[in-house]
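Asks: Dropping a structure here in structure tokens format, bear with me for questions.
The values are calculated or read from the model by the stated rules, or taken from the named source; none is laboratory data. Note that the coordinates shown come from a computational prediction; the quantities given were computed from them, not determined experimentally. When we count neighbours, we look across all protein chains shown, and the Cβ atoms used for this are built from the backbone with ideal geometry, even at glycine. With ligands, DNA and RNA removed, areas are computed over all heavy atoms of the protein, side chains included. Shrake-Rupley method; radii C 1.70, N 1.55, O 1.52, S 1.80 Å.
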Amino acid sequence: MTPLSALKVRKSVFLILLAGFALTWMPGCENSIETINTLTRNPSFPTLSRNDTEIRYTDSARLKIVVYAPRLERYTNTDKPYIEFPKGIHVDFYNDSAQIESTITAKYARYDEKEKIWTARNDVVARSIIKNEQLNTEEIFWDENKKIIYSLKFTRIMTSDGIFYGDGGFEADQEFTRWKLKKTRGSVNVKDEE
């Protein structure tokens, strides 16, 4: 054996002994049942999390709503379970002919399962494709039990009749066929009569 190879062998043996010594003195990764139960019951941790999620809602075998989310987290270890969409949401609403009639997008959303209230925040845009209308606000609520959509934040609605502003928000039925702005102002398009 050459002096160089003997040095390599000694160096290897030294590294193996050093690694073995370090492993015996390092605290181990040990998961007790108590630690696992504490972590899984913690309400600040989701009980379910998914990336790139698509949720489909149907009624009488007809597609009604499709929800797309880059991230979904469900929290059930709390008195008020909820689903959170921390990276935003895109929702398509379909008519009976299976065509998209409206959409909602937001950079954050949350669904309170017991109260059945959806909350969307941060750059909320709701569009009616059929009516060519658009709503912009920073926060919107959909109360499934009361069947209303509302906001307490500044809201802008663009229609073929003009642009309308609600400094105090708005309220509408869940189909958005009837709506009213609070503390309104705006501009109206007037058609020339010939």
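Asks: Pull out a ≥ b ≥ c, the square roots of the eigenvalues of the alpha-carbon gyration tensor of region 75-115, then state rounded if a/c is under 1.5, prolate if not and a/b is larger than b/c, and oblate in the remaining case. Please list the in-between numbers first.
Replies: Numbers: a/c = 4.35, a/b = 1.98, b/c = 2.20.
Verdict is oblate for region 75-115.
Asks: Here is a further query. In whole angstrom, how far apart do the alpha carbon centroids of region 49-106 and region 110-188 sit?
Replies: If you average the Cα positions of each part, the centres end up 18 Å apart.
Asks: Here is a further query. Please compute the per residue accessible area over region 67-194 with all protein chains in place, 1.4 Å probe, rounded to a whole number of Å². Intermediate results must be reported in sequence, preceding the final value.
Replies: Values: 7650 Å² over 128 residues.
In whole numbers, region 67-194 has 60 Å² accessible per residue.
Asks: Separate question: Quick one: order THR155, THR105 from most to least accessible surface, probe 1.4 Å. All intermediate terms of the calculation are to be shown ahead of the outcome.
Replies: Working: THR155 0, THR105 45 Å².
Final ranking, largest accessible area leading: THR105, THR155.
Asks: So what is the relative contact order for region 30-183, in percent, with contacts set as C-alpha pairs under 8 Å and at least six apart?
Replies: 12
Asks: At a 1.4 Å probe radius, carbon and sulfur cover how many percent of the accessible area of region 132-180? Each step should come with its number before you reach the end.
Replies: Working: 1300 of 2690 Å².
That share works out to 48 percent.
Asks: Students often get this wrong: which residues of region 55-78 have the backbone nitrogen under 18 Å from the point 7 angstrom along Cα-to-C-beta of ASP96?
Replies: Residues 58-65 fall inside that zone.
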